[in-house]
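First comes the structure, then the notes that go with it.
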Amino acid sequence: MNFDLNQLIRDNIKKLTTYSSARDEFSGDAKVFLDANENSLGSPLTKWYNRYPDPHQQKLKAAISQIKSIAPENIFLGNGSDECIDLLYRSFCEPKKDNVIICPPTYGMYEVSANINDIEVRKAPLLDNFQLDLIHLENLIDVNTKLIWICSPNNPTGNFMNRKDIETVLNNFNGIVVIDEAYINFSRQKTFTQELSDYPNLVVLQTFSKAWGLAALRLGIAFASKEIINVLNKVKPPYNINQATQDFALKALEEVGQVNDMIRILVDMREALTEVLLQMPIVEKVYPSDANFILVKIKQARKVYEFLLTKGIVVRDRSNVKLCDDCLRITIGTEQENTILVDALADYIKNQTT
């Protein structure tokens, strides 16, 4: 590998003068803030949110650093992982010139964000066992390939990608490899966040939406080299993470034990629901999962999906996705929600046989 980050950064980003917010121009503590044209009298909701948030989220990054054993300078926080995805395109991909590679079936925002940014998307579909097709992937790479997206554990299939395959890509690709680990907490597999020093071309995405149960806050994390993080910080809006999100996330980080307990419960319920579904005559297969959902191959999946809607139950129909014919993606719910789902499927089977 001959990785040169400077060769990947868009020319306009290299020349970009970052917007300097009022809170960027001093360091340390202050008693009186008269620099940012805020409403000094406060807010009708609370006295706490009339001031702009820390544009660099220093306290939150320090707390994440302690838990993850990763230096704050290797951490970027986005308004959801979707902002991280978009910023990677805007920082490193020249519209109408560069291309990226995705491995479908996979998370849809990689392609949507590429289309928004007018970047060519090349596809190396997964093999039948939902693993990377390294030969196809290699054949798609050219001098204008800037990013390769790998979702592991993968959405919607739920499986973890073979680690050696990912390492092969990292070792042989001169662009940036993005490993999306949104569901890593539900897996027994090892995260790639501890490999940042070995791979200067590595970006690892994680999120507070899944295991941490904070999807409404919209808080995503990118881990990467200091050089890549500096580029993302240069391009991001000045106050991309609001103060309420920072406050709630800091409180959540104090409850690591509770989060670990929830993860164990969800994994146990994932296995239990899998066993129950496999006993049903309409279920052909439940694919192994490293996530908080399962992919279920089911007879007449669309019909089952529509029946569940009549019962007020919403799952995800993935039947139109490559390699996922007649498949429903089912999130692991609460014990009560899982029971309601199972009872509804039993009603569907009963109606089909009467």
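Restricted to segment 256-348, the set of strands (runs of 3 or more DSSP E) holding at least 2 residues that are closer than 29 Å to Leu214 by Cα comprises 293-298, 327-331. The lone criterion from (1) surrounded by fewer than 23 Cβ atoms within 10 Å (Cβ to Cβ); (2) of a type in the set (Phe, Trp, Tyr); (3) within 14 Å of the chain's Cα centre (by Cα) left unmet by Phe173 is number (3). Under the condition of being among the β-branched types (Val, Ile, Thr) and within 29 Å of the chain's Cα centre (by Cα), the residues counted in segment 18-50 number 1.
In the set (1) surrounded by 16 or more Cβ atoms within 10 Å (Cβ to Cβ); (2) modelled with pLDDT of 95 or more, the condition left unmet by Lys311 is number (1).
Would you check which residues across segment 94-107 are more than 22 Å from Val286 (Cα to Cα) and not in a strand (DSSP E or B) and list them? Steps first, please.
Within segment 94-107, the subset more than 22 Å from Val286 (Cα to Cα) is 94-102.
Selection gives Glu94, Pro95, Lys96, Lys97, Asp98.
Condition (residue is of a type in the set (Asp, Glu), in a loop (DSSP other than H, G, I, E, B) and surrounded by 15 or more Cβ atoms within 10 Å (Cβ to Cβ)) applied to segment 121-139: is it met by at least one residue? Yes, because at least one residue in segment 121-139 is of a type in the set (Asp, Glu), in a loop (DSSP other than H, G, I, E, B) and surrounded by 15 or more Cβ atoms within 10 Å (Cβ to Cβ).
For segment 79-89, state whether one or more residues are surrounded by 14 or more Cβ atoms within 10 Å (Cβ to Cβ), part of a loop (DSSP other than H, G, I, E, B) and in contact with a strand residue (DSSP E or B) (Cβ under 9 Å, 6 or more places away or on another chain). Can you show your working first?
Initial filter on segment 79-89 (surrounded by 14 or more Cβ atoms within 10 Å (Cβ to Cβ)): 79-89.
Narrowing the set further to residues that are part of a loop (DSSP other than H, G, I, E, B) leaves 79-80.
From what's left, in contact with a strand residue (DSSP E or B) (Cβ under 9 Å, 6 or more places away or on another chain): 79-80.
Within segment 79-89, one or more residues are surrounded by 14 or more Cβ atoms within 10 Å (Cβ to Cβ), part of a loop (DSSP other than H, G, I, E, B) and in contact with a strand residue (DSSP E or B) (Cβ under 9 Å, 6 or more places away or on another chain).
Rundown of residues vs (1) outside the structural domain of Asp11 (by TED's automatic domain parsing); (2) touching a Phe, Trp or Tyr at 6+ places or on another chain (Cβ under 7 Å); (3) more than 26 Å from Glu167 (Cα to Cα), yes/no style:
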position: Gly42; (1), (2), (3): no, no, yes
position: Lys59; (1), (2), (3): no, no, yes
position: Tyr89; (1), (2), (3): no, no, no
position: Ile102; (1), (2), (3): no, yes, no
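Of all the listed residues (Ile179, Ile229), the sole one being in a helix (DSSP H, G or I), within 28 Å of Val100 (Cα to Cα) and in the same structural domain as Lys14 (by TED's automatic domain parsing) is Ile229.
Yes or no, residue by residue, for (1) of a type in the set (Lys, Arg); (2) crowded, with 22+ Cβ neighbours inside 10 Å; (3) more than 17 Å from Leu266 (Cβ to Cβ):
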| site | (1), (2), (3) |
| --- | --- |
| Thr157 | no, yes, yes |
| Glu167 | no, no, yes |
| Val178 | no, yes, yes |
| Glu181 | no, yes, no |
| Ser187 | no, no, no |
| Glu195 | no, no, yes |
| Leu205 | no, yes, yes |
| Ala211 | no, no, no |
| Ala215 | no, no, no |
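The values are calculated or read from the model by the stated rules, or taken from the named source; none is laboratory data. All of these numbers come straight from a predicted model, not from anything done at the bench. Please note: Cβ atoms are built from the backbone with ideal geometry, for glycine as well, and neighbour counts cover all protein chains shown.
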